[in-house]
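Values in this text are rule-based calculations from the coordinates and carry no lab data. Everything numeric in this text was worked out from a predicted model, so none of it was measured. Don't worry about glycine lacking a Cβ; one is built from the backbone with ideal geometry, like all the others, and counts go over all protein chains shown.
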């Protein structure tokens, strides 16, 4: 069992109608008065979430400045706008209302609000984050888990970079999770969200030394997504399905599923973020295309990692050892079950179908090694840049 | 899935030699200068833990006041002493070095240090806790999980009461967990500790609506204790076993294993705390005697709760449905496996063997209903006081 430090101070408020009275109470306890409210394309106005947040802000006597239009794969240009608003209006709290993109950009805004320089500097060197505005989140989609971690991913279109930003100062103070807010999420995003959730848990699962409790959490999480995604797609307002997906997503990036394990380098995320930095595809879809190829490649490169693949087959997909002639067949059946699950969600078969070519693969591989949170040598099976290129080629 | 609020702000520092440099760093970051160090019977002086803590306190330039001799089943009289020392010396941090008793008493001391009245008042009415000193813990035994929750249990021998105290102000700020500190724990306490850990997870398992992720955590935790307790007893310095037991215990009372589930009334703890309030027996042993009787009684009273017993048999004890003729046989085999595990640890067969009679059972049952955290009606199967008496009688 590996050593660790763990600190996860966000207060979670989860359940149907959980904003009601609770949001205004949490604002009042802390005395916040000037709030920057951030959101994306404006779906929160159609679904009524905007009005619910505004009513609570009004009850708490807060003045509100707004920044809408935060993009999927959020841009550093939006962060600059938000930070400028915070400085101009002396904002004392940011409330992010939306999905991972809005929350990620808002974390960066909280840090940039106290920084005199280009916001991108803080991505390139997080030690420059010395102070940050507090952040509340109101999450509207089960996906990134950004509501319960201290990091985000920001895109710089100028430099073609999509990089993580993280600091202990960026934990949300309070995160509100109302599963009913996810009823109206378009199917395509529910699907991409579920793929993202699964990927977070896969990243923590395919590590050399897996914590025993971590394994229990991860397998329960993966089973949850596999069980409840089809239910949510069939009945958009199935509370039980939406609640389980939302809560599972919240635990995905929080670190709890990694405690006691070897450090994970988040290899699939590292590779996918490069792809979506170049092509602006949906993160979850990119992950689903890469995942089975990456897992197969790991096993090919180092067959000694096979026990985890047996766990995947038996504990996640419920296959029984006695039904297979060999361990290899069992493992293959587990991987096929995973691919079948992605297919059942209508995930594109490969990158070629979504217009990606091998043009930038070498540059992407170099980026993964240079900028991601851990070097290629810390992947489940140590990688070279050539290995990254090979996995990307298999995705074509 | 049930609504919840969750807040768990303690920073955990876990691993071999985790005190080294980290404790002094955490003290210095926060600027603490006058520390009350609390501990129990003094075993920390024999094991060297005392010296390690002192070295870090010295490195951080702290002045230290000491309160040793905190009892198992800690007394409110010790709390009064600690609070008086805090007031007298203007202490700005309490460090609890020891097991659950030391940590529980220290939480109460942190609160009582700012209270002008009898410390017991704060047990009877937690709303009187308006402010509390910050607390660090250095845990030396895998048992209560007090290092990662905001509650404790305090005994008043005068009034024959053993009651919980809890407040959001009582979360430890930082908890240090070095598995090697538990190598020297006497076998009797390792055993009692493991029974306590299991009981915490059973309390969260036997609830009406069990969260799916919660179930994964609980089953992994129970398997951990069953696997690693015998290993730790055989090889006292088996790091892997001690680390897994310690980490499992830390998650036991933190609330994470209850999220998404119906509220648990902690029925077994409620009943046992009454027994050890009257007889001063070891908490973990009392729990192990009561648990199988309580579980059997629940099922007798309401057979509709049987699915969880099937989970226990299959997911925790690895029994296979196809090996049993009926669900009833499978369930019975699971309960026998649990009893056999307790027996293998040498747990006394019943209360009679440890000198307990039925003399106070009625008074105990009345106390459970009056003072515990949730009423008898919220037990897994709703109870009356007569039911409590009946379970206690079956323990004779």
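Points worth noting:
- Distances in nm from residue A:21 to the matching label points in the other copies, shortest first (labels 7 Å along Cα to Cβ): 5.0
- The DSSP beta bridges internal to the protein assembly as shown are antiparallel in roughly 30% of cases.
- Cα gyration tensor shape of the stretch B:187-394, rounded if a/c is under 1.5, else prolate or oblate by comparing a/b with b/c: rounded
- With a 10 Å cut-off around each Cβ of B:358-370, the average count of Cβ atoms from other chains is 0.
- Computed over the stretch B:11-182: relative contact order in percent, which uses C-alpha pairs under 8 Å that are six or more apart: 27 percent
- Highest to lowest packing among A:253-261, A:227-235, A:206-214, scored as the average C-beta count within 10 Å: A:253-261, A:206-214, A:227-235
- Shape category assigned to chain A from the gyration tensor of Cα positions, a/c cut at 1.5: prolate
- Rounded tilt (10° steps) of A:267-279 against the dominant C-alpha axis of chain A: 60 degrees
- For B:242, A:296, B:293, order by how many other beta-carbon atoms lie within 10 Å, fewest first: A:296, B:293, B:242
- Ranked packing of B:180-191, B:280-291, most packed first, by mean Cβ within 10 Å: B:280-291, B:180-191
- The stretch A:11-182: antiparallel DSSP beta bridges as a percent of all, rounded to 5: 20 percent
- Placing a label point 7 Å from the Cα of residue B:159 along the Cα-to-Cβ direction, the distances to the matching points in the other copies come to 6.3 nm, shortest first.
- Order of A:394, B:308 - criterion: other Cβ atoms within 10 Å of each residue's Cβ, fewest first: A:394, B:308
- Helix-only CD estimate at 222 nm, as mean residue ellipticity for chain A, using -39500 (n - 2.57) per DSSP H run (n ≥ 4): -15000 deg cm²/dmol
- Counting from the shortest, the label point at residue B:186, 7 Å from Cα toward Cβ, is 6.8 nm from the same position in each remaining copy.
- Percent RCO, i.e. relative contact order, over the stretch B:308-396, from Cα pairs under 8 Å lying at least 6 residues apart: 23 percent
- The mean number of Cβ atoms from other chains found within 10 Å of a Cβ in peptide B:237-248 is 2, as a whole number.
- Once the Kirkwood radius over Cα pairs is known for the protein assembly as shown, the Stokes-Einstein relation at 20 °C and 1.002 mPa s delivers a diffusion coefficient of 78 µm²/s.
- Span from the the stretch A:63-108 Cα centroid across to the the stretch B:139-188 one, whole angstrom: 42 Å
- Rounded if a/c under 1.5, otherwise prolate or oblate - the stretch B:1-114, Cα gyration tensor axes: rounded
- For the stretch B:303-374 and the stretch A:1-56, distance of Cα centres in Å: 42 Å
- Percentage relative contact order, chain B, counting C-alpha pairs under 8 Å, at least six apart: 15 percent
- Helix B:100-112 and the longest principal axis of the Cα set of chain B meet at an angle near 60°.
- DSSP-defined beta bridges in chain A - what % are antiparallel, rounded to 5: 20 percent
- Shielding of B:206-216 by partner chains, average beta-carbon count, 10 Å: 4
- The angle between the Cα long axis of helix B:76-89 and the main principal axis of chain B comes to about 20°, on a 0 to 90 degree scale.
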